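Engineer: This is the structure, below, for whatever I ask next.
The values are calculated or read from the model by the stated rules, or taken from the named source; none is laboratory data. As the structure is a computational prediction, the values presented were derived from the model and not from experiment. Please note: Cβ atoms are built from the backbone with ideal geometry, for glycine as well, and neighbour counts cover all protein chains shown.
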Amino acid sequence: MTTAPVLPPDVSRAEFDQAIGELGEVVGPAWVFHEEPRLLGYQDHFAIREQSLRAPSAAVAPADVEEIQRVLAIARNRRIPLWVVSTGRNLAYGAAAPRKAGCIVLDLKRMNRILEVNEKHAYAVVEPGVSYFDLYNHLQKIGSKLWIDCAAPGWGGVMGNLMDRGVGYTPYGEHFMWQCGMQVVLADGTVVETGMGGQPGSTAAHSWRYGRGPWVDGMFTQANFGIATRLGIHLMPEPPGYRPYLVTFPREDDVHQVTEIIRPLKLGMLIPNAAVTVELNLEASVAVSRAQYFSGEGPLPDSVRRKIMADLNVGMWNFYGALYGPEKIMDNNWKVIEESFAQVPGARFFFGKDRAGEPAFGYRAKLMRGIPNMTEFGILNWMPNGAHVGFSPMAAVDGKTALEQYHFARDLAHKYGFDYTGEYIVGWRDMHHVFVIFYSRDNADQKKRVHELMIAMIDDAAARGYGEYRTHLDYMDRIAGTYNWNNGALMRVNQRIKDALDPSGILAPGKSGIWPAAMRGTPQP
Amino acid sequence: MFTRREFLQTTLIALAMPAAAAAMPPAAPGTRARLIAIGGCLEGDAFCAANLPDVTRVGPDVGEILQLLLRGEHEADVGLYCGLTRDSDFVLIRQVLLERGLRQAYLGDHVATPTGWRHELRADAQTLERILPAFASDDAAWAGGVAACCGWFARAGRMSAQHVLANASYARPAAAATQLKSWAFRP
């Protein structure tokens, strides 16, 4: 008899016990977790609402595609939904916890092979359990001259982040842009190779991503239409030189002019990487805690913020970028960049030697050259027992937009009693505006206010024409609801795809707001 | 700061019984502990003093110790993970250890304010009783007292009891962390 505190929806304890037994026969009993202590690793420890809403009934960790197919057969037969994770450690978006309580987590961590590193054509082929640390260490070990691009948490999964359309900080920072070739297992167990991989013996499966005909890879990202079990990812050849830099700006509204300066530099590739414009509070949180400066409630007073700015020798906004290439190229590019940003009164310029030993510059310099680390998590110490959730609207690289998004997010944050702590990650024509809302894990009042703040921001953003690119489990439905042009035509096509590819509705119900037919129409907690 | 070489030195130690805890039952044969402490911090230094010299110190990047734990190559005979870290490091280490099926046996939440320290401790009642004397001193030695109790943590049951206590503040660098977590996990 199992002791799992939560059961899958509409499944009895006896049926569940039988399913657990069957899963154990497939993957081995050691890789099926249903006792409460083992399930703690699959919970959302930053939960804003009740943790029980996202509690799994069990977790199962297959070793290969064949085991996945057999797990899927059990799930189909018993109508037990699976929630798929690669490493499941994105703590700001729900970690490994399922959207719907009672799902069995399909944990792909054991599938952690680096199948190929192609030095000549600069790509790797990886399984879902490969972390940034794993891939980086492997490249170091074999003496590769290829760089990875990693998200800020080095323990994150290369595939998981890419499949959730995450970003990094090198010139390859837009992760999905560099995906090439994907293997997917559908809910009925069919294995599909996408792109050129659809041709047996293809020699370009990881060089040309589109093959011929409809290109379906994107359909499987942020979705629940299949399980990605392998993919190719392009890697950046090591440049002859690398020079990270920081430019600080003293006023809150400088983000307008700074962004206007960034746009042509990005489009002209003088700033080649996914650079970041970081606001003061977030910048400071890596190095100090809020309590070191202010013991009151509510947002930090301006006088305190100015003290922090002076103490840490940073700006109200802090732009981290990097130069790549031969020294002469970097020298020339720097002249243009320096002259451009110098138009902002009070702009100051720093290189590594100026910021030696400072954790913020240190970890950003690592990220912009693809060295995975975990330093950014120091931001959690901003609040006691700190946790965070991301509110992440997209913005064009446009000064007016950047300033407006900052103002509305800041003002709403203040209204609900929180600091604004955010950054703009600059892509080619877009900016991921990530407002990292900090709260205390053990403070029920703060969590209630965070929830209210998230709802207000999602709705306010949509009314202004801004949509989020990614979100926590709790807000997937609401954000999906804002993509409602033509009476929700986009969701309706997603639902038709869902019904066609997963008629039993066993794969990740509720992911990105896409529910199987049987669960539609009833609000899901 | 620590050199990579220093960092990667194994931190597995025999679960020695410190003199201050001589009344503790002997550790099970072969049981070893992995000890982790915040670097560049008075309390981290005190934690290490109880178990010199084999404690892994962590700086701003907890990534290397996480990789060690995630790989698990040298962890088979580790019977206890015990540490004193920033809260953010604790959160990450806890995630990895829970994934590996370990359970938490002890948690101390230590918050420094201008007027003093507040310590909130959770463990089983017997373990809690053993650890309380560590907080009698009004200096950073409390952290050493926590480390000296690691033999008890290795045998602790469920965290069913809680105790909150306070002691006076003492001189610390202005930039020192204002919240620390002491913790222990066991199979």
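Engineer: Which of the numbered conditions does A:T401 fail, given that it passes all the others? Conditions: (1) farther than 20 Å from A:I271 by Cβ; (2) away from chain B (no Cβ under 14 Å); (3) among the β-branched types (V, I, T).
Structural biologist: Exception for A:T401: condition (1).
Engineer: Another question, if that's okay. Only one of A:N373, A:N381 is touching a residue at least 60 places away in the same chain (Cβ under 8 Å) and in a loop (DSSP other than H, G, I, E, B). Can you tell me which?
Structural biologist: A:N373
Engineer: Further question on the same structure: What is the one condition in (1) on the phi > 0 side of the Ramachandran plot; (2) touching a residue at least 60 places away in the same chain (Cβ under 8 Å); (3) assigned by TED's automatic domain parsing to the domain that holds A:A409 that A:E468 does not satisfy?
Structural biologist: It is condition (1) that A:E468 fails.
Engineer: Among the residues of region B:104-118, write down those that are more than 14 Å from the chain's Cα centre (by Cα) and assigned to a strand (DSSP E or B).
Structural biologist: Within region B:104-118, B:V111, B:A112, B:T113, B:G116, B:W117, B:R118 meet the criteria.
Engineer: Being of a type in the set (K, R) and in contact with a strand residue (DSSP E or B) (Cβ under 6 Å, 6 or more places away or on another chain) is the filter; apply it to region A:363-393 and report the residue that is nearest to the other protein chains (Cβ to nearest Cβ).
Structural biologist: Here the answer is A:R364.
Engineer: May I ask you to verify whether A:T170 is in contact with an Asp or Glu (Cβ under 7 Å, 6 or more places away or on another chain) and not in a helix (DSSP H, G or I)?
Structural biologist: Yes, satisfied.
Engineer: Separate question: Exactly one of (1) away from chain B (no Cβ under 14 Å); (2) in a loop (DSSP other than H, G, I, E, B); (3) of a type outside the set (F, W, Y) is unmet by A:A409. Its number?
Structural biologist: If we test A:A409 against (1) away from chain B (no Cβ under 14 Å); (2) in a loop (DSSP other than H, G, I, E, B); (3) of a type outside the set (F, W, Y), just (2) comes out false.
Engineer: Have a look at A:A124, A:A95, A:A59 and point out the one that is assigned to a strand (DSSP E or B) and within 14 Å of chain B (Cβ to nearest Cβ).
Structural biologist: It is A:A59.
Engineer: Related question: Identify, from the list A:L312, A:L270, the residue that is surrounded by fewer than 20 Cβ atoms within 10 Å (Cβ to Cβ) and under 21 Å from A:A395 (Cα atoms).
Structural biologist: Every option except A:L270 fails the conditions.
Engineer: For the condition buried (at least 18 other Cβ atoms within 10 Å of the Cβ) and at pLDDT 95 or above, what is the one hit in A:R364, A:R348?
Structural biologist: A:R364 is the lone residue from the list that is buried (at least 18 other Cβ atoms within 10 Å of the Cβ) and at pLDDT 95 or above.
Engineer: Is it fair to say A:L267 is free of Cβ contacts under 8 Å to residues at least 60 places away in the same chain and assigned by TED's automatic domain parsing to the domain that holds A:V397?
Structural biologist: No.
Engineer: Something else: Closer than 30 Å to A:E279 by Cα, of a type in the set (G, A, S) and at pLDDT 95 or above: which single residue out of A:G226, A:G241 fits that description?
Structural biologist: A:G241
Engineer: Could you list, in sequence order, all residues of region A:29-50 that are within 12 Å of another protein chain (Cβ to nearest Cβ), assigned to a loop (DSSP other than H, G, I, E, B) and surrounded by fewer than 19 Cβ atoms within 10 Å (Cβ to Cβ)?
Structural biologist: Passing the criteria: A:E35, A:H45.
Engineer: Identify, by number, the condition in (1) surrounded by 14 or more Cβ atoms within 10 Å (Cβ to Cβ); (2) at pLDDT below 95 that B:A136 doesn't meet.
Structural biologist: Just one mismatch for B:A136, condition (1).
Engineer: Give the residues of region B:70-103 that are within 14 Å of chain A (Cβ to nearest Cβ), farther than 24 Å from A:G129 by Cβ and assigned to a loop (DSSP other than H, G, I, E, B), sorted by residue number.
Structural biologist: Once the filter is applied, which keeps residues that are within 14 Å of chain A (Cβ to nearest Cβ), farther than 24 Å from A:G129 by Cβ and assigned to a loop (DSSP other than H, G, I, E, B), region B:70-103 yields nothing.
Engineer: Which residues, counting only those in region A:220-271, are among the aromatic types (F, W, Y) and closer than 30 Å to A:A205 by Cα?
Structural biologist: A:F220, A:F225 - these are the residues of region A:220-271 that are among the aromatic types (F, W, Y) and closer than 30 Å to A:A205 by Cα.
Engineer: Take region B:140-170 and flag every residue that is in contact with a Phe, Trp or Tyr (Cβ under 6 Å, 6 or more places away or on another chain) and exposed (fewer than 14 other Cβ atoms within 10 Å of the Cβ).
Structural biologist: Of everything in region B:140-170, just one residue is in contact with a Phe, Trp or Tyr (Cβ under 6 Å, 6 or more places away or on another chain) and exposed (fewer than 14 other Cβ atoms within 10 Å of the Cβ), namely B:L165.
Engineer: Right, next: So A:F350 passes all but one of these: (1) hydrophobic (A, V, I, L, M, F, W, C); (2) in contact (Cβ under 8 Å) with a residue 40 or more places away in the chain; (3) part of a loop (DSSP other than H, G, I, E, B). Which condition number does it fail?
Structural biologist: Here A:F350 clears every test but (3).
Engineer: Which number in (1) within 14 Å of chain B (Cβ to nearest Cβ); (2) surrounded by 15 or more Cβ atoms within 10 Å (Cβ to Cβ) marks the one condition that A:W334 misses?
Structural biologist: Result: A:W334 fails condition (1) only.
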